[in-house]
Every structure is written in structure tokens, then in C-alpha cells.
Amino acid sequence: MTHRNIINTAVLLTCLAITQFGNLSAQPERQSSEKPNILVFIADDAGMDFGCYGNSGIHTPNIDALAEQGLLVENAFLTASQCSPSRSSMLSGQFAHTIGTEDLHAPLEEGIKILPSYLQDAGYFTGCMLKKHYGGKYANEQFNWYDNGFQIWLKDQAKWNREAVNYFTDFLDSVQNKPFFLWVGFVDPHREYNDSPIKKVNNPDDVYVPPYLIDSEKTRRDLADYYDEISRMDKHIGLMLEQLEKRGLRENTLIVFLSDNGMPFPRGKGTVYDAGIKTPLIFAWDGIIPPGSKYEELVSSIDLAATLLDVAGEPVPEDIYSRSIRRIFTDQTIPGRDYVFSERNWHGTDEHIRSVRSKRYKFILNAYIEWPHGIVGANPSFYELKKQQKQGELTAAQERLFECPRPAVELYDLEKDPYELFNVADEAEYLEIGRELAIELEKWRDSTGDYPAYQRRKSDNLDRVTGFPYSNKIPRGYWDEED
């Protein structure tokens, strides 16, 4: 038992059952004796910019087709707005701060078992393509805990855009007669853009510019480059699915598509606003999931691990937070979660932010209010904001990014304010709603072993005000001091 995971299991499960799971914990449907293959496509920093999610200015025909053939989840949210904390949470079925992966690159704590380990024990051939990054600096293979159930890693991110399909066929050649689990970690649409030849298929005139960004030529080019990387990923997904079809494997394969965090733009990635934590989530399974299905209730990425174990016909461990949502594959009337929870910790800049979201409201708790909001890297869209800021020409929506001091509490009515621009925590009519959400957030923090913000702070390695990256060193954490 680690210093983060010293929770009474009985109390934990009781609390979570009351506050989070609603009716999703009902018994799943019976499965056939033949174990299905499981193929997970995970984007790197993709927001909700797909045709099937309503963006008509982007070219994503293969992902759109996948949604048409299966189930599109309208309101899926991530537990963290950063790469490795989010991925480690998905694969372990636990929250990042519970297993010590809340900071970017932080390794999994010893003894933490993740999804491929369970599936390997169940007879699956397990593999990971390209980017892992569910803990540890830069997904370096020297960390042997990376092989926590993955039997094969088809790597070389630098050549992924040319060889991804070859890696996929190599994996399928290795499977033989076993059911397989493959985690395909795309590098797209992670920055930097234009660092390799890429076909420009999206028009800057057609991109959608949210109101908290500057609608300028440079911002539109930045968004179009982001769209182009999504389109490249979409192309490779199409090629892989063709290979699956040619081998006659599509029918008995559950295909999942999602992202690890939101778009890498100001007020997106690295925040707990919806632009940072809302994810596309698509399930496709021929003969099981009716085509064109949609689910509108709240879903958390914490439930991915349990859902895939359920699909494989395996029991879900009682000591994780994940609960299967497999029943929504065939019944979209099942209630979702009452609340979804997210966090943001160190990623270039240190933060201790926690949030709880219901279908209509969002409550955010900020610890380090004396600093501007931590960014995760400067980019052309950020520099456009800074230019306008110096000229005193930002709108109220754009100024929110630079607010300092920040309020400790942010409360948003998402029905009236989907971009989370107007904090209503100081409006009397929202007081009771805010109190209810604050109580739910505190219960979640207690039940998941969250640490108090005063316990530690880590140094930044880029400037919050200018975006200048003045160091490549990852600051030491308090656990390093103890080692």
C-alpha cells in the first residue's frame, strides 16, 4: 500500500456508489464464450474537432464513419487534462493522484496493475503501438514497468506517419489464434506542427475560432495545422480498419476511439474547462452496437478499464474506481454518472486544480490563486493573444486567460455559458448549487486519497506570463526528496 493509496476500501466503495455511479453498476449482459478483440485508438491532444461532433470545417471521414457504424458518446470527460495522468487513469481505472501519476511524466507507483495485465492473464495477446506515455519521462523503454502487461511495443514515433500501418499489420501477424488487445497511441495532433511533411487538407477560412482566441490569420493557420494533423490520424485509422476488414477480423473486434486531453490551445489542454477535459468517445462493434447510436448522459474516462474487462468477460477488480458502462452499447436510456471529476497538476507550470461537473454545472477549485493560470506551452495562438493584450484590445472572454489573482472558486452554468466565461460563484441564485457541488468534490477528494495543495509545490520550467520555456528540467517532487 503506497502513501497515496491508504483508503478504507469499504468506505470508498460506499461513498462512490452513492455519489457517482448511479445505475451504471447494474449487472451487464451475458457475453458469448468467444472473446472479442479490442482495438483502442487514442489521439494525442485532440479536442472535439470532428465532423461527427458537429465541426463541419474539418476533414475526418473515417472517424465520422466509425461513429455512424457504432455508438457516439456526446458527453464524455477525462479525469485529467494532461497526457500521462489521463492515460494512466484510463488504463488503471484509478485517478492519477491515487496512483502517483498526477504530474506529467510521473511514473506509476510500484504494484499498480493496468488493463493489459488483466487481459494478458485472460488469454489476450496485448500490444501497444507508438506513443505510450502513461507515466515516466517521454515514454522511454528503459522503464520496465512500461511492460505492465504489454507483450509487444511497436515503436519509433519519428516514422509513425509513414509506417503506422506496417506496425499494425506486424502486430496482427503476431497474434496467431489469440484474441488481441491493441492500444494505438497516435502522436497527432500534438504540437509542434509542420515539423514533418503533411498534406494541408483543411482550409483556414473554414476553421472554428472559439471566442477566447483571437480571430486572426495566424490563429486560423494554427487551427488549420491542428486540423490537418487530425486528418492525417483519420487517414491512418482508415488504413488500419481496411487491414482489419481484409483479415476478416472486423466483426469480432470492439473498436474504441478517444483522446487523452483537449486541444493544445489556450484554455484547452492543461485546464479543466470543457475544452481541456471533454473527449470524443466512439465505440464500434459490428453485430453488437446498433449503427448510429448516441448516448447523451455523462461518462467518465475512468470507466474505460472496467468496460473493456467486461467486454472480455473478465471480472472488474473491486479495489479500482472504474465501473463498466458496457450496457450503454445496446441501451442508451441507462442513466449516466451524476458527476464527473477532473484534475490538473504539474505540466510545465505547477497547478492544483480540481473540478466536478454535472450535466449543467461546473465547479472548479483553484489552489494557487496568486499566479496566472499555468499554460502548457506557448504557440502562435497564444502569441496572438499576448500581442492584443499589450495593445489593450482583448475582449472580456480573452482576458480570462490572464486573470490574476484568480478566484479560488469558479462556478459555471454550462447551459447558459458553454465556454465557461462568466463565473457565477458570486451570484446569490447559484449559492446552493455551488455548495452542493463543493460537497461532492470534497467527498470525491476524501474517497480517492487526494493530497492537500499545501503539501507540496513544484517549480515551473516555463514562464506563465510570457510563455518562455526557460528550462528543460523536470522539477523534483516531494517523493524524490524522500527517496
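Each reported figure results from applying straightforward, stated rules to the coordinates on display, with no laboratory input. Note that this is a predicted model, so its numbers are computed, not measured. A quick note on method: Cβ atoms are made from the backbone with ideal geometry, for glycine too, and the neighbour counts reach across all protein chains shown.
Quick notes on this structure:
- Stretchable slack from LYS416 to SER216, in nm (0.36 nm times residue separation minus alpha-carbon distance): 69.4 nm
- Of the beta bridges in the range 36-338, as assigned by DSSP with both residues counted there, near 25 percent are antiparallel.
- Here the Debye sum runs over all C-alpha atoms of the range 210-368 as equal scatterers in vacuum, and log10 of I(q)/I(0) at q = 0.17 Å⁻¹ comes out as -1.25.
- For the listed peptides 468-475, 297-304, 428-435, a ranking on the average number of other beta carbons within 10 Å per residue, highest first, reads 297-304, 428-435, 468-475.
- Nearby lysines by direct alpha-carbon distance to LYS200 (threshold 22 angstrom, same-chain neighbours under 8 apart not counted): LYS159, LYS218, LYS235
- Over the range 294-409, the alpha carbon radius of gyration divided by the compact-protein estimate 2.2 N^0.38 Å works out to 1.46.
- Assigned charges on the beta-carbon of Lys, Arg, Asp, Glu; the range 191-295 dipole about Cα centre (debye): 120
- The range 264-347 - Rg over Rh from alpha carbon coordinates, Kirkwood radius: 1.01
- Theoretical gain in end-to-end length, LYS294 to THR169 [0.36 nm per residue, Cα-Cα removed]: 41.9 nm
- The chain, relative contact order [Cα under 8 Å, separation at least 6], %: 23
- P(r) histogram, all alpha-carbon pairs of the range 342-482 included - 10 Å bins from 0, percent: 10, 34, 35, 18, 2
- Set of lysines near LYS362 by C-alpha distance (under 29 Å), chain-local residues within fewer than 8 positions excluded: LYS269, LYS278, LYS294, LYS386, LYS416, LYS443, LYS458
- Euclidean distance between Cα centres, the range 187-226 to the range 325-377, Å: 25
- In order along the range 369-382, phi translates into HN-Hα couplings of 6, 7, 10, x, 4, x, 9, 10, x, 6, 7, x, 5, 5 Hz, rounded to whole numbers, per the Karplus curve 6.51 cos²θ - 1.76 cosθ + 1.60 with θ = phi - 60° and x for Gly and Pro.
- Shown for the range 50-100 is the translational diffusion coefficient from the Stokes-Einstein equation, using the Kirkwood radius over Cα pairs, a temperature of 20 °C and a viscosity of 1.002 mPa s: 166 µm²/s.
- Coarse-grained scattering of the range 36-338 at q = 0.07 Å⁻¹, given as base-10 log I(q)/I(0) from a Debye sum over alpha-carbon atoms: -0.24
- Relative to the Cα centre, the charge distribution of the range 342-482, modelled as +1 at Lys and Arg Cβ and -1 at Asp and Glu Cβ, gives a dipole magnitude of about 460 debye.
- Modelled this way, with points 7 Å down the Cα-to-C-beta line, the labels at ALA428 and ASP205 are 5.2 nm from one another.
- Highest average packing first - 244-252, 319-327, Cβ atoms within 10 Å: 319-327, 244-252
- ³J(HN,Hα) computed for each position of the range 202-215 - Karplus, 6.51 cos²θ - 1.76 cosθ + 1.60, integer Hz, glycine/proline x: 10, 8, x, 5, 9, 6, 9, 9, x, x, 8, 10, 7, 7
- Shown in residue order for the range 296-306 are the 3J(HN,Hα) couplings computed by the Karplus curve 6.51 cos²θ - 1.76 cosθ + 1.60 at θ = phi - 60°: 9, 7, 6, 10, 10, 5, 4, 8, 5, 4, 5 Hz (x for Gly and Pro).
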